[in-house]
Amino acid sequence: MNAPLPLCATVTVRPATGRDLSRWDAFVATCPEATFFHRFAWREIYESIFNHRTHYLLAERAGEVVGILPIVEMRSLLFGHSLSSLPFAVYGGAAATDAASVSSLHAAALALGKELGVRNLELRNRVTREPVWPKQDLYVTFRRELAADAEANLLAIPRKQRAMVRKAIGRQLRCEIDARTDRFFALYADNQHRHGTPPQSRRYFDALRELFGDDCEIAVVLSPQGKPVSGVLSFYFRDEVLPYYAGDVAEARELAANDFKYWDLMRRACERGLKVFDYGRSKRGTGSFDFKKNWGFEPEPLSYEHFVFKGDSIPEHNPANPKYRTAIEIWRRLPRPVVNSIGPMLARYLG
């Protein structure tokens, strides 16, 4: 067994390079604070798919990795110049072995923000790290431990929602795992259009599948007639599963296809011996929030902390902001080929 590192040793922070990939991911695999979104492969996604500059910070003590902080720099005429850890992710911020390493990473991030002249720095922490920084209290996450037995997980679902799951099972829906993204993307794009939100590109989902392999799974629900009606793209990390991107067609609700797809994912996760079902992030006061509550999951507040370099308030770039209401309604009326074509160019800034 290796001797513990002396906490009195100096923590140094430097930019990570491609040569650090294996050490970075080895740390992510074992650090309790790390998440799927801390994996090094996301750097390629941010740079090659979204064309954003990245700043991945590595903290070391006596030559050993003791912390990481992945940061993405975003420049937009509409939303300004900012740093985020991490856009397009539920979780981010520093993952470290001790408070001193977190402090060193935060100090390096603030120095970087000042050097670049950004408006603000956002850290998407699960817990409060900087109590005096302004915090966005909009999002919660839903996580629950899985029982070892699938039937026990079904019985843990509140009665009304459990009835919906049983109804869906009785409708002869079936779920298929897809190696390709085409069926899922069609469902996802349809859903995004109905909600007035620009979609990500299919290229993005292809990249996720290529970079993360079996840790990025696509499941598609088929109607009794074999029509794709609902789908979900899930991430696997250690002993957890996180359904992250979803889509459906309008008739999915009548078929209870969405209830079926999440139950089927939960059932398969149980069979694989996974321990945690992470239902992901939702905004308070939304249908998504209510849907997850109906499954018996309790909301856990997320601590999205901001350091504001310029101005006197944190940005409110989310659909709940009333100033985007008109744009959302216009977007819903645009033809599907148009939104699928220009949507990804806008979505790359909606992190």
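The values are calculated or read from the model by the stated rules, or taken from the named source; none is laboratory data. A quick note: this is a predicted structure, and the numbers were derived from the prediction, not measured. FYI the Cβ positions are ideal-geometry reconstructions off the backbone, even for glycines, and counts take in every protein chain you see. Please note that ligands, DNA and RNA were not included when accessible areas were found on the heavy atoms of the full protein model with its side chains. Shrake-Rupley method; radii C 1.70, N 1.55, O 1.52, S 1.80 Å.
Evaluated with a Cβ-only charge set (Lys, Arg +1; Asp, Glu -1), the stretch 1-97 carries a dipole of roughly 140 debye about its Cα centre, given to the nearest 20.
With 0.36 nm allotted per residue and the present C-alpha distance subtracted, the Arg238-Ala107 stretch has 44.2 nm of extension available.
Note on the chain: antiparallel DSSP beta bridges, both residues inside, total approximately 90 percent of the bridges counted.
On full extension, the segment bounded by Lys160 and Val127 gains 8.7 nm, given 0.36 nm per residue less the C-alpha separation.
Across the chain, the relative contact order, built from alpha-carbon pairs under 8 Å that are at least six residues apart, equals 21 percent. The calculated FRET efficiency for Val276 paired with Ser48, based on their beta-carbon distance and R0 = 25 Å, is about 0.25. Around the Cα centre of the chain, unit charges on the Cβ atoms of Lys, Arg, Asp and Glu (plus for the first two, minus for the last two) sum to a dipole of about 1020 debye. Mind checking the angle between helix 257-271 and the chain's longest principal axis? C-alpha axes, 0 to 90 degrees, to the nearest 10. Once rounded, one gets 60 degrees. Over 22 Å apart at the Cα level, from the set Lys227/Lys261; Lys135/Lys283; Lys135/Lys293, are Lys135/Lys293.
Residues Ser341, Ser84 ordered from highest to lowest accessible area at a 1.4 Å probe: Ser341, Ser84. Seen from Val66, the other residues with C-beta closer than 15 Å to its C-beta sum to a net charge of -2, counting Lys and Arg as +1 and Asp and Glu as -1.
Annotation: for a label point projected 7 angstrom from Cα along Cα→Cβ of Ser288, residues of the stretch 121-157 with backbone N closer than 13 Å are 138-142.
For the pair Arg174 and Ala99 in one chain, pulling the backbone fully straight at 0.36 nm per residue adds 22.2 nm over the alpha carbon distance. Overall shape: oblate for the stretch 168-244, with the ratio a/c of the largest to smallest alpha carbon gyration tensor axis at 1.5 or above and b/c at least equal to a/b. Inter-label distance, Leu21 to Arg333: 4.8 nm, where each label sits 7 Å from its Cα along the C-beta direction. If R0 is taken as 41 Å, the Cβ-Cβ distance between Phe79 and Gln225 corresponds to a FRET efficiency of 0.40.
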